[in-house]
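The values are calculated or read from the model by the stated rules, or taken from the named source; none is laboratory data. Quick caveat: nothing in here was measured; it's all calculated off a predicted structure. Every residue, glycine as well, gets a Cβ built from its backbone with ideal geometry; the counts of neighbours run over all protein chains shown. Heads up: the accessible areas ignore ligands, DNA and RNA and are worked out on the full protein's heavy atoms, side chains in. Shrake-Rupley method; radii C 1.70, N 1.55, O 1.52, S 1.80 Å.
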Amino acid sequence: MQKKMYCVIPILAFAMVIRGETEKTPPVDDTILTLENFGGQAYYKRFDDNLTYTPYSADPSILEETDLPDGDAYTKITYTGDADVFDVADVGKNFCGLFVHQNPGEPDPVHPDLFYPNFNGSRYAEVVHVIDGRNLIVDFEFNGRDRDTPQIVHDEKGYIFFDNSDAWQAMFAAYLEDDEITEIRLREHVRDGKLQTTYVVPQYDTIALPDKALKIWTATGNKARIKLGV
């Protein structure tokens, strides 16, 4: 995935009326929706620095402590800060490497909007193995801004997240189908070390909302956060 602009939306604990076009939370009743009801999860770890990217082509030994097959489709991500930040809960989550990959010179023939050619951009991967609290493996080779000779790069950025795109679409589809549903409840934003209860929604479709009130809140008096790709 090529560079995207993102907005983080703090949802205040009051009713938001929207009209016109444009850890599991238990359901309260049949008229209240949550993202968790549709498989969503508020999971977000952000790293503004202290990440080292080691592509397989630069150091094939990165897979020695794993049972992953050899191949150049992997990168080891190392956190060089003062604490352990990775754990088994990260496996299967998405990873976004920020501006550390030099894209190919030609567009992808199947997905021409996947990236900008020749641009040092951001790309998505999946966390496939956690070695320890400071090292994990993702299933994409970030080339360190050198597509001819992949390089190890240091003090870079990135984030781990749960992709709520499908849950977001399903939740709003349910809202549109039932006139009695006028409320969406989100988990309040909490930070525990690097982990934040933030809902990340990289992809979403524009929908025309019906002429009825929609209240989006946490029901706790505190804020929620949604990170939308725009």
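Sorting the segments 211-217, 196-202, 174-180, 160-166 by their residues' average number of neighbouring beta-carbon atoms within 10 angstrom, most packed first, yields 196-202, 160-166, 211-217, 174-180. How far is it, in nm, from the label point at Glu106 to the one at Gln203 when both lie 7 Å from their Cα along the line to the Cβ? Using points 7 Å along Cα→Cβ, the separation is 2.4 nm. Taking all protein chains together and rolling a 1.4 Å probe, His129 ends up with roughly 40 Å² accessible.
In the chain, the DSSP-assigned H stretches of four residues or longer account for a calculated mean residue ellipticity at 222 nm of -2000 deg cm²/dmol, using -39500 (n - 2.57) per stretch and the full residue count as denominator. Taking the 1.4 Å solvent-accessible surface of the chain as the whole, the part contributed by carbon and sulfur is 48%.
Pairs exceeding 18 Å between alpha-carbon atoms, taken from Lys93/Lys194; Lys194/Lys215; Lys45/Lys93; Lys93/Lys227; Lys45/Lys227: Lys194/Lys215.
Largest first, the three principal axis extents of the alpha carbons in the chain are 57, 40, 28 Å in whole numbers. Counted by Cβ distance under 9 Å from Lys194, the other residues give a net charge of +2, where Lys and Arg count +1 and Asp and Glu count -1.
Annotation: amide H of Tyr44 within the under-5 Å range of Gln196, Thr198, sequence separation 5 or more or interchain, hydrogens built in the peptide plane. Over what distance in Å are the Cα centres of segment 83-107 and segment 143-159 separated? The two parts, judged by their Cα centres, are 11 Å apart.
Rounded to the nearest whole Hz, the Karplus-based 3J(HN,Hα) values (6.51 cos²θ - 1.76 cosθ + 1.60, θ = phi - 60°) of segment 54-64 follow the sequence 10, x, 4, 5, 7, 7, x, 5, 4, 9, 4, with x at glycine and proline. Taking amide H atoms as placed 1.01 Å from N in the peptide plane, the amide H of Val91 has no partner under 5 Å among residues 5 or more positions away or on other chains.
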